[in-house]
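A.B. asks: Structure provided below as structure tokens; questions to follow.
Please treat every number below as a calculation from the coordinates, not as lab data. Values in this document were obtained by computation on a predicted structure and should not be read as measured data. Glycine also receives a Cβ, built like all others from the backbone with ideal geometry; neighbour counts cover every protein chain displayed.
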Amino acid sequence: MNNKVFGNKTIVIGVTGGIACYKVLDLINELKKLGSSIHVIMTENATHFVDITDFEAASGNEVHTNLFHPKVNYKDYIKKNKPIKHISLADIADLFLICPATANVIGKIANGIADDLLTTSVIATIAPVLICPAMNVKMWKNPIVQENVKKLRKLNFHFVEPEYGELACGYKGVGRLANFKKITDRIELLLKQRNDLKNKRILVTAGATFEEIDPVRVITNKSSGKMGTSIAEQAFLRGADTLLLRGSNSTEPHYNIKEEKFTTVSDLYNKIKKNIKNVDIAVHAAAVSDFTINSKKNTKIKSKRKLHLELTPATKIFEKLKKNNKNIFLVGFKAEHNVSENGLIKRAYGLLKSANADLVVANDVGKMGRGFDFDTNEVFIIDKKRNMEHIGLASKSVVADKILDVILKKIK
């Protein structure tokens, strides 16, 4: 953790009535050690699980529970022009954290209901809001809850999703409060986010292409699009004018990012050509098929006999991008499987040279927790001078943000 990011920052933590709320004491202690000032808002339901005085001792500040403070005569507010508490808490926050967040509070915020101090403060703040849900597995899977989460994400609220494990209710499944490393990592990202990519236009590709064998079957690969989508999300949050081109089955962005979907290699290339002349930076993270089908069938092929497919090498999109816009800052990805670190870097540099790219991000998808369909990654970034920067295993959001840091250093 970078103490410079957390130091002198004010974090307002909303604690709601989930059984995991007692765990937040450890998180408060950690954030205090990193130098942040902590203010706690506790819902009435939360007070049935934990002792307010424990949270006051941990935060060093009064815990706020009521929209109307019992010692304040609100009839005199207008005359004396005193700050109203929900507004002052909303204004002082560099970050608003709701941890744990119940289905109830998520639903209220998603629908604009402000009937207590926490929901009123959240609706009044302009600070980033990070929501950490924790609840019964069936509640988390409920389509109403998922629709509320989706709605809030589109409105630029941030989430650290619950994890799989044993739940206090006796069930086992997804609903457990995320571990604090994930939460503090996301807090760090949000606190350091700035508009350093404002006025930059970025095109990002993500996900897999599909080449049809017949109307039913396709050739594709295991790419989920998570890495490319994370880069688009972080670029958007840092102020860039972002366009995401993503495979039709790839991970959806969590924010209201401009996007177009692609299917085949030629479809992706046509969409890139249409847009690339209007961008400053292109990050080509899509997993593009190396082959196309030579003779696609118009009807479903019968499965009772052997089938021989003739494949033709597909267009190497990455190597053509600078020819479509020689002024772009071009970043590509190189995925290898179970190779040495030196071998990975050597192959990434070869791709960089062949495409006249500015950076290539390389990773080994043969290692556990890296690459396809994982939420984490480890990458090596190689530049034209063969300098290498290593980003260790971390969530793809964190890796994406660090990749953008490297890009920003290069274009300044």
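A.B. asks: Quote the Stokes-Einstein diffusion coefficient, in whole µm² s⁻¹, for region 3-192, based on the Kirkwood radius over alpha carbon pairs, a temperature of 4 °C and a viscosity of 1.567 mPa s.
C.D. replies: Numbers: Rh = 16.9 Å.
D, rounded to a whole number, is 77 µm²/s.
A.B. asks: Moving on to the next point. Within 12 Å, Cβ to Cβ, of K226, how many net charges do the neighbouring residues add up to if Lys/Arg are +1 and Asp/Glu are -1?
C.D. replies: Values: positive: K222, R246, R370, K396; negative: E233, E252, D373, D375.
So the surrounding residues net to 0.
A.B. asks: Which helices pass in the chain if a helix is a full DSSP H run, must span at least 20 angstrom along its long axis by Cα, and must have mean Kyte-Doolittle hydropathy not below 0.0? Walk me through the numbers on the way to the answer.
C.D. replies: On the way: long enough: 341-355 (21 Å, -0.18); 396-411 (22 Å, 0.76).
Correct list, ordered by number: 396-411.
A.B. asks: For each of H308, H48, count neighbouring Cβ atoms within 10 Å of the residue's Cβ, then give the residues from fewest to most.
C.D. replies: Values: H308 4, H48 9.
Going from least to most buried by this count: H308, H48.
A.B. asks: Could you give the dipole magnitude of region 3-192 about its Cα centre, charging the beta-carbon of Lys and Arg +1 and that of Asp and Glu -1, in debye to the nearest 20?
C.D. replies: Working: 24 positive and 18 negative charges, 101 e Å.
It comes to approximately 480 debye.
A.B. asks: Where does each of F68, F372, F55 land when they are ranked from fewest to most other beta-carbon atoms within 10 angstrom? Write down the numbers at each step before the final one.
C.D. replies: Working: F68 10, F372 17, F55 24.
Placing the least packed residue first, the sequence is F68, F372, F55.
A.B. asks: If the cut-off is 26 Å between C-alpha atoms, which lysines fall inside it for K108, apart from same-chain ones fewer than 8 positions away?
C.D. replies: Reachable lysines: K23, K85, K138, K141, K150, K151, K154, K182.
A.B. asks: In percent, what relative contact order does region 3-192 have, based on Cα pairs under 8 Å that are 6 or more apart in sequence?
C.D. replies: Working: 347 pairs, mean separation 40.5, N = 190.
Normalised by residue count, the contact order of region 3-192 is 21 percent.
A.B. asks: In whole Å, largest first, what are the principal axis extents of the Cα atoms in region 201-411?
C.D. replies: 56, 38, 32 Å, listed from the longest principal axis down.
A.B. asks: Just how large is the dipole of the chain about the Cα centre, in debye to the nearest 20, putting +1 at every Lys and Arg Cβ and -1 at every Asp and Glu Cβ?
C.D. replies: Working: 65 positive and 43 negative charges, 371 e Å.
Here the size comes out at about 1780 debye.
A.B. asks: Continuing with the same structure: Between exposed GluC sites (Glu not before Pro) in the chain, where DSSP calls loop and at most 13 other Cβ atoms lie within 10 Å, what's the longest gap? Spell out each step's value before the answer.
C.D. replies: Values: sites that count: E44, E62, E310.
Answer from the scan: 63-309.
A.B. asks: Using only the Cα atoms of region 91-197, what are the Rg and Dmax in Å?
C.D. replies: 14.1, 46
A.B. asks: With both bridge residues required to lie in the chain, what share of the DSSP beta bridges run antiparallel, to the nearest 5%? Could you put the intermediate results ahead of the total?
C.D. replies: Values: 19 of 62 bridges.
Taking every DSSP beta bridge with both residues in the chain, the antiparallel ones total about 30 percent.
A.B. asks: Same structure, new question: Using only alpha carbon pairs under 8 Å that are at least six residues apart, calculate the relative contact order of region 99-165 and give it in whole percent. Could you put the intermediate results ahead of the total?
C.D. replies: On the way: 65 pairs, mean separation 26.5, N = 67.
Taking the mean separation of contacting Cα pairs over the length of region 99-165, I get 40 percent.
A.B. asks: Lys/Arg Cβ at +1, Asp/Glu Cβ at -1, dipole of the chain taken about the Cα centre: which of M388, I13, G112 is farthest positive-ward?
C.D. replies: M388
A.B. asks: Which of (i) 22.6; (ii) 28.3; (iii) 24.6 is the computed mean projected area of the Cα convex hull in nm² for the structure on display?
C.D. replies: Given (i) 22.6; (ii) 28.3; (iii) 24.6, the structure-derived one carries the label (iii).
A.B. asks: Take I301, I219, I317 and order them by how many other Cβ atoms sit within 10 Å, fewest up front. Intermediate values should be presented prior to the final figure.
C.D. replies: On the way: I301 14, I219 17, I317 21.
Starting with the residue having the fewest Cβ neighbours, the order is I301, I219, I317.
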